[in-house]
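Enquirer: Structure incoming, see below.
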Amino acid sequence: MEQSKNTEFRVSKFSAWYILIICTLLYIINYADRQVFTICTEFIKKDLNLSDTQIGIIQTLFFASIAVFSFPAAYLVDRWSRRKTISIMAICWSALTFATGLANNFVGILTPRSLVGVGEAGFTSAGTPLIAAAFPKKLRGMAMGVFNSAIIIGSAAGVIMGGFIAQNYGWRMVFFIFGIPGIILGICALFMKDYKTVRGVNETGQKISFFNSAVSLFSIPTLKWLYIGFAMQMIMAVAAMTWLPAFVMRSQGLDGKQAGMLVGGLSLLGIFGALFGGIISDMWQKKNDRGRMLTAATSMLLMAIFYALALYYDIRGPLGLTFAVIYSVLSLVGMPCLSAASQDVSPPSLKGVSWGMATFFCYTFGGAWAPLVVGAISDGLGGGAYGIKIGLLASAIPGLVAALFYWLSSRHYAADMKKVEKYIVEAV
């Protein structure tokens, strides 16, 4: 049972937006640092003489490191400090991004790249509850929409700017340049307002352990099905993030700059999905107490279908580009719904680990393996555009399954929200 006082955590509009802006900018850098590697893949392969499987191993270990450390980092967030965790994480992953540019062989690039994942592991587990606490429930979907639009902006910035820099100044310079902003923003994060850390205890007054925190999350049906669905979704998402730049370079004969412009331009369309997804889910939630999760389920189903159609037509020609545009817009519609829902059904002492478990689950049982599997399929089919295409098409299947699990989650959402209405997030 959690002890609560009557002093609720409330901040001024300026402080709330400062939190949202700093966290969103850091999330942009977070995803830009992820995506610069994908646009540099062909350059790194040639310079360091690597195979598609080795590239897949690097990316798989990167995402695996996020998975392994996401829940421990989230547990620390709930027991220590959100703003301090965000600051330390940002500075660490940015310094390691810079170090990636110094690599001269497979191990030299594998090591810092894996450690970048460790640095990024706890960021969303700290940022998500902090933003959710700073904004009222009626605006939570909107705030999460702004926050999650960073995924698209960062991904697009990574491939567009990364492709331009790599083409003109070499792939190493990409990592040197992208390693700087996160350090500056990490310092700015120390000035954000933070809410009081809650001591989680059970009905007998004993401290809730690390293991019991994990078990407690799976006793909430909404979260159980959300986590499984998120793992399925991330198989498709991580496969696309990792291999789409290389796919269009091979299938259409584009150089790094051209591929970056195409993939990055399409990615930018997801901003509309992230922003409108948050707004639409808020509106649907007012009319239907399952609205947020139904938004996630519907958008996921459509996204997987149009993703497969875009790949079938090689993301070229009127049909291929049209399907790619629709997929790109839909790609972030569900994210504000998922992050908001994870907070809506969690008591204060589990808000960080709630999203931390989502991160752990989505990579451990989904996304972390996607780069390696697609790379292995590509090598098995000759290493060309066809191999990547088949691997990417296969990743659409778990995307369809994700929609089913989000629908199952929606069936419990309203009841689980009522169970935590008695708790408040306290001011320091």
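Enquirer: Residues in the range 10-45 that are polar (S, T, N, Q) and within 20 Å of the chain's Cα centre (by Cα): how many?
Expert: Here the count works out to 4.
Enquirer: When residue 323 is evaluated against the numbered criteria (1) touching an Asp or Glu at 6+ places or on another chain (Cβ under 7 Å); (2) surrounded by 20 or more Cβ atoms within 10 Å (Cβ to Cβ), which criterion, by number, is the only one it fails?
Expert: Going through the list (1) touching an Asp or Glu at 6+ places or on another chain (Cβ under 7 Å); (2) surrounded by 20 or more Cβ atoms within 10 Å (Cβ to Cβ), residue 323 breaks only (1).
Enquirer: Note down all Cβ pairs under 6 Å where the first residue falls in the range 12-37 and is over 16 Å from residue 128 (Cβ atoms), the second is charged (D, E, K, R), and they're at least six residues apart or on different chains.
Expert: Short answer, once both residue conditions are applied: 15/193.
Enquirer: Going through the range 11-50 one residue at a time, which ones are in contact with a helix residue (DSSP H, G or I) (Cβ under 6 Å, 6 or more places away or on another chain), hydroxyl-bearing (Ser, Thr, Tyr) and modelled with pLDDT under 90?
Expert: 31, 38, 41
Enquirer: Let me ask something additional. Based on what the data block shows, is residue 69 of a type in the set (Phe, Trp, Tyr) and more than 19 Å from residue 163 (Cβ to Cβ)?
Expert: yes
Enquirer: Scan the range 335-393 residue by residue and report those that are of a type in the set (Val, Ile, Thr), more than 26 Å from residue 308 (Cβ to Cβ), assigned to a helix (DSSP H, G or I) and at pLDDT 80 or above.
Expert: Across the range 335-393, there are no qualifying residues.
Enquirer: Looking at the range 104-149, which of its residues are within 11 Å of the chain's Cα centre (by Cα) and either more than 21 Å from residue 238 (Cβ to Cβ) or modelled with pLDDT of 85 or more (or both)?
Expert: 147
Enquirer: Condition first: under 15 Å from residue 232 (Cβ atoms), buried (at least 22 other Cβ atoms within 10 Å of the Cβ) and either touching an Asp or Glu at 6+ places or on another chain (Cβ under 7 Å) or not aromatic (Phe, Trp, Tyr) (or both). Now tell me which residues in the range 354-397 satisfy that.
Expert: Residues satisfying the conditions are 358, 359, 362, 366, 367, 368, 370, 395, 396.
The values are calculated or read from the model by the stated rules, or taken from the named source; none is laboratory data. Worth saying up front: this structure is predicted, and the values here are computed from it rather than measured. As a convention, Cβ positions derive from the backbone with ideal geometry for all residues, glycine included, and neighbour counts pool all protein chains shown.
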